[in-house]
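Colleague: Attaching a single structure in structure tokens format; questions to follow.
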Amino acid sequence: MPKWNGFGRRKFLGMGLAASGAATLVSCGRVKGPSWRFFTDDQSLTIQAICEQLIPPGRGPGAAEAGVPNYIDRQLTLHLKRHQQAYRQGLATVDNLSRQRFGGRFVQLSWVQQTQVLMDLEKRATPFFNLIVAHTMQGFYGDPRHGGNRDGASWKMLGLPFPPVRGRIKYESKAS
């Protein structure tokens, strides 16, 4: 068996495995970066709760489970940058209304209280309400490659076939 600088192959491989295991342990203790591109952690909780109010789970997953908050977060750093300020102000307004009406942040309220806050927001005809409804629908019914509609959840719920992506046709094998 060849020797490399005084190491046998087994010792060399063993040291490599030990080093990779140590690196894994060190990386496990590393502080993970933010999981949101635009939203703060607090805002992400509010967005998830609002989206879940707009499209709650039923026969299939609701908006939050289908990845709609991820879609909105992602698009606010890409194609919807012009709406960033509206989201910052709108989320602050939702929490202010929640505190005024029920004494707590939106995410701390019951389902019924959250519904009442969103109804108040809708009655005030705020542009933010219309914006978040539109973006929630886009994220829920749009193409999963844009960050929402995880696993085609809404398409499955509606019984629609998974639409082909340009250049990628899904073929079904048929036994003859």
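Colleague: Is at least one residue of the stretch 134-149 touching a Phe, Trp or Tyr at 6+ places or on another chain (Cβ under 6 Å) and over 24 Å from Pro161 (Cα atoms)?
Modeller: So far as the stretch 134-149 goes, no, none of its residues is touching a Phe, Trp or Tyr at 6+ places or on another chain (Cβ under 6 Å) and over 24 Å from Pro161 (Cα atoms).
Colleague: Something else: Name the single residue, out of those in the stretch 119-133 being part of a loop (DSSP other than H, G, I, E, B) and not basic (Lys, Arg), that is surrounded by the fewest Cβ atoms within 10 Å (Cβ to Cβ).
Modeller: Step by step, filter the stretch 119-133, then rank; the result is Ala125.
Colleague: Going by the conditions given, is Ala64 under 23 Å from Gly148 (Cα atoms) and modelled with pLDDT of 95 or more?
Modeller: When the stated conditions are applied, Ala64 does not pass them.
Colleague: May I ask you to say which residue of Val68, Val133, Val112 is more than 17 Å from Thr40 (Cβ to Cβ) and in contact with a Cys (Cβ under 7 Å, 6 or more places away or on another chain)?
Modeller: It is Val68.
Colleague: Please give the number of the condition Thr77 fails out of (1) at pLDDT 55 or above; (2) part of a helix (DSSP H, G or I); (3) hydroxyl-bearing (Ser, Thr, Tyr).
Modeller: For Thr77, the exception is condition (2).
Colleague: Filter the stretch 94-109 down to the residues that are under 22 Å from the mean Cα position of the chain (by Cα) and not aliphatic (A, V, I, L, M), then identify the one that is nearest to Glu52 (Cα to Cα).
Modeller: Phe106
Colleague: Taking only pairs six or more apart or across chains, which ones have beta-carbon atoms under 7 Å, a first residue in the stretch 96-118 that is surrounded by fewer than 16 Cβ atoms within 10 Å (Cβ to Cβ), and a second residue that is assigned to a helix (DSSP H, G or I) and among the small types (Gly, Ala, Ser)?
Modeller: Qualifying pairs under 7 Å: Gly104/Ser98.
Colleague: Of the numbered conditions (1) in a loop (DSSP other than H, G, I, E, B); (2) surrounded by 19 or more Cβ atoms within 10 Å (Cβ to Cβ), Arg59 satisfies every one except a single condition; which is it?
Modeller: (2)
Colleague: While we're looking at this one, here's another question. With (1) under 21 Å from Ile72 (Cβ atoms); (2) modelled with pLDDT under 95; (3) of a type outside the set (Phe, Trp, Tyr) as the list, and Gly159 as the residue in question, which single condition is left unmet?
Modeller: So Gly159 meets the others, but not (1).
Colleague: Hey, among the residues in the stretch 35-55 that are under 15 Å from Ile132 (Cβ atoms) and in a loop (DSSP other than H, G, I, E, B), which one's farthest from the chain's Cα centre (by Cα)?
Modeller: Within the stretch 35-55, the match that is farthest from the chain's Cα centre (by Cα) is Ile55.
Colleague: While we're here: Determine which member of the set Asp95, Asp143 is touching a helix residue (DSSP H, G or I) at 6+ places or on another chain (Cβ under 6 Å) and charged (D, E, K, R).
Modeller: Asp95
Colleague: Filter the stretch 87-114 down to residues that are farther than 27 Å from Arg37 by Cα and of a type in the set (Ser, Thr, Tyr), then give me how many there are.
Modeller: Result for the stretch 87-114: 1.
The values are calculated or read from the model by the stated rules, or taken from the named source; none is laboratory data. Here the structure is a predicted model, which is why all the values come from computation and not from measurement. As a convention, Cβ positions derive from the backbone with ideal geometry for all residues, glycine included, and neighbour counts pool all protein chains shown.
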